[in-house]
1. Once you charge only the Cβ atoms, +1 for Lys and Arg and -1 for Asp and Glu, what is the size of the charge dipole of chain A about its Cα centre, to the nearest 20 debye?
2. For A:L123, A:L173, write out the residues from largest to smallest accessible area, computed with a 1.4 angstrom probe and no ligands counted.
3. Keeping every protein chain in place, order B:F363, B:F92 by accessible area at 1.4 Å, biggest value first, i.e. largest first.
4. Round to a whole number: what % of the accessible area of the protein assembly as shown belongs to carbon and sulfur, probe 1.4 Å?
5. Arrange the peptides B:282-288, B:208-214 so that the one whose residues have, on average, the most other Cβ atoms within 10 Å appears first.
6. Please report the Cα spread of the range A:380-436 along all three principal axes, rounded to whole Å, starting with the longest.
7. Run the 1.4 Å probe and let me know the accessible area of A:E378, rounded to the nearest 10 Å².
8. Need the C-alpha centroid separation for the range B:1-27 versus the range B:130-173, integer Å.
Amino acid sequence: MTERAHLAVIGAGPAGLAASVAAAAGGVRVTLLDAAPEAGGQFYRQPAAELRARRPQALHHQWRTWERLREGLRTHVQSGSVRHLTEHHVWCVERNDDGFTVHALLGPEQEEPAEVRADAVLLATGGYEKVLPFPGWTLPGVVTAGGAQAMLKGALAVSGRTAVVAGTGPLLLPVATGLAAAGVDVSALVESASPKSFVRRSRALAAQPGKVAEGAGYAARLLRHRVRLLAGHTIVEAHGTERLEAVTAAALDGAGRVRPGSERRIPCDTLAVGHGMLPHTDLAETLGCGLDGLAVHVDDEQRTDVPGVWAAGETTGIGGAALSLAEGHIAGRSAAARLTGTEPGPGTWAAADRVRTRLRTFFAALDSVYAPPAHWTEQITDDTVVCRCEEVTGGAVREAVAELGAGDPRTVKLLTRAGMGWCQGRMCGPAVAGLAGCGLTPSRRPFARPVPLGVLARAGELDHQ
Amino acid sequence: MVGAACAWYAGRAGLDVILVDRGPVAGGTTGAGEGNLLVSDKEPGPELDLALLSGRLWGELAREFGDAVEYEPKGGVVVASSPDGLVALERFAEGQRAAGVAAEPVAGDRLHDLEPHLAPGLPGAVHYPQDAQVMPALAAAHLLRASAARLLTGHTVTDVLRAPDGTVRGVRTDRGDIHAPAVINAAGTWGGELAALAGVRLPVLPRRGFVLVTEPLPRRVRHKVYAADYVADVASDSAALQTSPVVEGTAAGPILIGASRERVGFDRTFSLPAVRALAAGATRLFPFLERVRAMRSYLGFRPYLPDHLPAVGPDPRVPGLYHACGHEGAGIGLATGTGHLIAQALTAKTPDLDLAPFRPDRFAEEAA
Ligand SMILES: Cc1cc2nc3c(=O)[nH]c(=O)nc-3n(C[C@H](O)[C@H](O)[C@H](O)COP(=O)(O)OP(=O)(O)OC[C@H]3O[C@@H](n4cnc5c(N)ncnc54)[C@H](O)[C@@H]3O)c2cc1C
Ligand SMILES: Cc1cc2nc3c(=O)[nH]c(=O)nc-3n(C[C@H](O)[C@H](O)[C@H](O)COP(=O)(O)OP(=O)(O)OC[C@H]3O[C@@H](n4cnc5c(N)ncnc54)[C@H](O)[C@@H]3O)c2cc1C
């Protein structure tokens, strides 16, 4: 057999794109699969309209990076060294005796199966948004930060609206400025991190001139759009009968509790909430890859502990697009070297390695700044719906913990059904863990997507290209 | 589940009970299996007798807890997939009837009256009205809450305390000693380890099983339905994968398909071949399931003993030590009978069933 080694890359975000280009340049055949109709992932896909329209200085550099990557992908696709399979929803990656089978479902319907056989796989599945519940969060008009970003695509539909952006984390800034730039009246950015915690961490943050400059750029834009920043505040309730009409925001005290009497009502028709991101680890866990906390564990070469499986980008830890790019590049290089039988020498990816080290340090520091209020579970009233899929309330979860002997999210799930619905606990997991009084632990989801039983029954029997 | 049932029946017999578990309630195999209460899959013998006793007791408990534990006396339908299979199945049912099981033959052309969505062309089946269902985690939690037992979760038993004469005095946990004249080993798949702490051998081993869960659907499967080859699997000694899934609707809407049987130790790695076989078996029985989506799959480790019977009753080797473990794929169903028999043994009553086949020291010879 003289055929070139074949690498399957799952996820066409910054990490997967960088990996595909690097691996193809290194002489392996690549199949890049992604659920979306276009390459780009969370970052390049969503703010594209805004970026093109306004080309804000702070993001200019990243826009050029994206154009370079897209060009690289096009070249490799034309030369036949990369095959790009769009609208392929991967539900499972199976390890076989002689490699891997990637099992996918096609198109928006996700009914027809497709399978790809490969010698190695690279997981670049990114992350998903974390949202913590509070009274009223299920009202129409309350969206995730990413959902608000997606609204921007139809910029006409959003102008004239009044929005509040709330939660915690670095994503709230671009979301607030993005909405404002699209003509939405953003009446407040409610961030639970206190200005003090930034100061406490200022050394680690200051070591990142680029990032701080980016942050400063956002601050200037917040000002320009007259977005009021309420740091050290949280949303205690969203109000409305049919849909969202207003929110109540309140200040937090030093212990992370709502300061009585500080509540203020802010009228709005849109509330964009986010409490950071969590890594997608379903495919990795099913393959048996070890985790570090909630993220896939990788070594310096971005290899997981399962031979033949690499991982890069936010599946290995949340850290923004630039970090995903660096990790993807290293993973692609490493995979190409290993699959062509060479040992990657030191310095093969020295520049990317420096970026990776710097950004990981930076995001570790950010993580400790951006945290939900220490006592956020107190905001969840007994009739607040915690699990939307199965309509399980905060009271039901508390009863399972206090009276039925549940001490962990798994038992709460068994006793209340919280987390058993369509989203499989991706949404309510953090809230249930918080109410059960324990940290969020990875929950095994053997199927990254729901799979028709007929497809499952015949998995592995398709002809492979 | 077994520990909760022992606590319930012992408490009702007037005993003061402390339930110790290193995890939460239902954190062991009970939270990782299904809640079929079956007589249909058991051949005449001690296990069937225990199942019949247990089924009656579940019926009594259901009067108090029925809805809370999602008890459904829905009955089972065991389908033959070939004419030969039907002959074997009917012979099997005949033996069960003699032992007190209600088992009604169903001709091929009547099958769809019972289960309208079954595949066409199946030769026939046997209907078992005594088969029922509970939601195991809810059953364990509610039984425990209603019992007078003190619950100590998050306590790991690290030793069994014994007096100089060898009699049990209680247990040592990582959070302190608990003194009691009787200790019941209801540690399921880990029952062998607990027995070892008391210095005795009980060869409980894990047998892995996967379950598939679909998206929620309006009720389309009315009974517990499975193919007749299941009966052969349960009594099998093969280490290889075997599947003949039970298909059943649940109160909450999803259909459960399970379970596979493999002896692979405590290996938690997902196995696509195992769940693929479950999906294939289920879609063969119910073609409409082809387009229904599997949402998730989970696995657990059944506690099994070499002769596929549980250990129930006092351990003659260690006075004061009782065993209630090793129920393999039937520990939910058999829990009530087990708890009841243990309570009788603890209070020196004559047990309703002969405990000899369940003697915990029946494997002692092999140790030598
Ligand atoms: C609202 C919002 C605003 C942001 N703003 C900024 C910003 O201003 N600056 C910044 O640096 N970062 C920003 N980010 C973060 C940035 O988007 C991420 O850091 C970056 O996209 C991560 O890249 P990735 O390649 O690791 O993963 P992603 O970009 O998440 O790509 C993962 C890809 O994998 C695919 N995928 C996942 N699972 C499967 C599956 N089972 N089958 C098939 N395909 C699958 C997805 O479709 C996706 O395309 C923002 C994120 C959000 C949500
Ligand atoms: C996939 C699958 C499907 C099944 N389907 C069915 C079915 O349909 N019907 C049916 O009847 N049965 C079924 N079973 C079997 C059933 O689940 C088990 O037989 C039953 O749960 C055993 O209950 P148990 O209480 O003995 O064990 P467990 O539920 O495992 O409880 C034992 C407890 O002991 C604790 N423990 C162990 N060691 C220690 C220690 N040293 N200190 C403190 N605590 C300790 C554990 O934490 C655990 O909570 C199935 C099993 C599986 C895996």
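1. It works out to roughly 1860 debye.
2. Greatest to least solvent exposure: A:L173, A:L123.
3. Greatest to least solvent exposure: B:F92, B:F363.
4. Details: 17470 of 33330 Å².
Of the solvent-accessible surface of the protein assembly as shown, carbon and sulfur hold 52 percent.
5. Per-residue Cβ counts within 10 Å, averaged per peptide and sorted highest first, yield B:208-214, B:282-288.
6. Reported extents, whole Å, longest axis first: 27, 21, 15.
7. Result for A:E378: roughly 100 Å² accessible.
8. Centre-to-centre (Cα) distance: 4 Å.
The values are calculated or read from the model by the stated rules, or taken from the named source; none is laboratory data. What you see is a predicted model; the values in this text were computed from it and never measured. Positions of Cβ are backbone-derived with ideal geometry, glycine not excepted, and every protein chain shown enters the neighbour counts. Side chains are part of the model used for accessible areas, which takes the heavy atoms of the whole protein and leaves out ligands, DNA and RNA. Shrake-Rupley method; radii C 1.70, N 1.55, O 1.52, S 1.80 Å.
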